[in-house]
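Q: Just dropping this structure here.
The values are calculated or read from the model by the stated rules, or taken from the named source; none is laboratory data. Remember, it's a predicted structure, so these values are computed and weren't measured experimentally. Ideal geometry is used to build each Cβ from the backbone, glycine not excepted, and the neighbour counts take in all protein chains shown.
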Amino acid sequence: MTNDQQPAESSDLQEREARFDYGFRMKCDCGELSDLSAAGYIERESLDARIACSHCGTSIHYGRAVAGIRDRHDPALDNSAVARFAWYHSSTSPDWPSPDYTSRFAARVREAELRLGHRYGTHIERAKALHVGTYEAAVENMLRRMRDQDDATSSFYLYRVSLGISAGRINDGYREANNEPASQISLDELQALGLDALRYLNTHEAIGSLSLAIHPRVIRSLQVVPLPVTDLAAPQPPALSQRLRELEAELDSLQAAAREQLQVRDSPLQALRRRMSERTGVTPSTTAVEGEWALWEQVVAELSAHHLHGISPLVQRDFCHALEDWRRSREAAMDEFASFFAALAATLTRPSDVMQRLAQGTGPANGSRGSTKL
Ligand SMILES: [Zn+2]
């Protein structure tokens, strides 16, 4: 290791408070940042997505592209503090980074060196850097993957990462990822910069927080927990359970009606309905499907009101979309959906308990393991 400081043991890592009720700061051309709450973000998002700069009054077209750092004094800006903090990463892999990540990397480097010799003074390795960030960024990364990729029903693992990294091997300040994408940075680019970690502004998850693109050799130890941590789930209060049973009964009726409509498709009755729908523009089957959607929306609203209290409306929206995709992909029944919703919601509402669970390294799939070093 090329440290000039003693990295923290994973048990001594410093946690930063995780909160999902944050707002944003948007950049104006005048160079200043203006505050924007999550509620304010949603309010004008589908209108013009504009706010007035609180410094010069110019209209800012807000969004990820102009998101600024949330905390100008973010403690992770201090290079000597980086290795003291717990960093997080979420993955569908139970053994991230895969044990052979570094050996495959090393084999490719050796192969390239044999092929090219050292005459170029470098090698052509393009292995991507690994990424770690705040707890919020790791959790929101999981929600994004559940929504945007084919991972709606994948198993996810949350990693707590301890870094052994020299203060001099981290860039000063942070890279504005909007200008120079950091998500695709390769290990040889890191090497060319003389860095083991590139600090950058995350504008995709936990917008406005700081993440790191790292060389795998600086991972000192890992602790992992599968998500959700089911025993942290808040119980459903009787009133909510009762409401869910009512909605489930309505859903059963709607589904029975939809089946009946399918069965009588070619009957005289269906022909009559079709003629009627041609006049009214509403078909019975569409009505049943729309009824089901509306009903599931009510289910999500009831569950959100109870389990996502205090979470920013934007994160709530992302969470609910992710859970909807999970439900549709699994064709989950009401009970299963409500249980999973409650369990995953605890990841957002009880971060310190999840962190503690990780730090303890208890549970069947948990534990800390040393990283593979190059
Ligand atoms: Zn301005």
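Q: Going by the structure shown, is His73 more than 9 Å from the ligand (Cβ to nearest atom) and either of a type in the set (S, T, N, Q) or out of contact with any strand residue (DSSP E or B) (no Cβ under 9 Å at 6 or more places or on another chain) (or both)?
A: Numbers: more than 9 Å from the ligand (Cβ to nearest atom): yes; either of a type in the set (S, T, N, Q) or out of contact with any strand residue (DSSP E or B) (no Cβ under 9 Å at 6 or more places or on another chain) (or both): yes.
In short, yes.
The rows are residues; the columns are (1) on the phi > 0 side of the Ramachandran plot; (2) at pLDDT below 95; (3) hydroxyl-bearing (Ser, Thr, Tyr).
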{"residue": "Ala301", "(1), (2), (3)": "no, no, no"}
{"residue": "Ile311", "(1), (2), (3)": "no, no, no"}
{"residue": "Leu314", "(1), (2), (3)": "no, no, no"}
{"residue": "Ser329", "(1), (2), (3)": "no, yes, yes"}
{"residue": "Ala333", "(1), (2), (3)": "no, yes, no"}
{"residue": "Ala338", "(1), (2), (3)": "no, no, no"}
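Q: Mind counting the residues in the stretch 166-203 that are under 12 Å from Ala129 (Cβ atoms), of a type in the set (A, V, I, L, M) and part of a strand (DSSP E or B)?
A: 2
Q: For the stretch 21-62: of the residues being away from the ligand (no atom under 16 Å from the Cβ) and within 13 Å of Gly208 (Cβ to Cβ), which is surrounded by the fewest Cβ atoms within 10 Å (Cβ to Cβ)?
A: Filtering the stretch 21-62 for residues that are away from the ligand (no atom under 16 Å from the Cβ) and within 13 Å of Gly208 (Cβ to Cβ), the one surrounded by the fewest Cβ atoms within 10 Å (Cβ to Cβ) comes out as Ser37.
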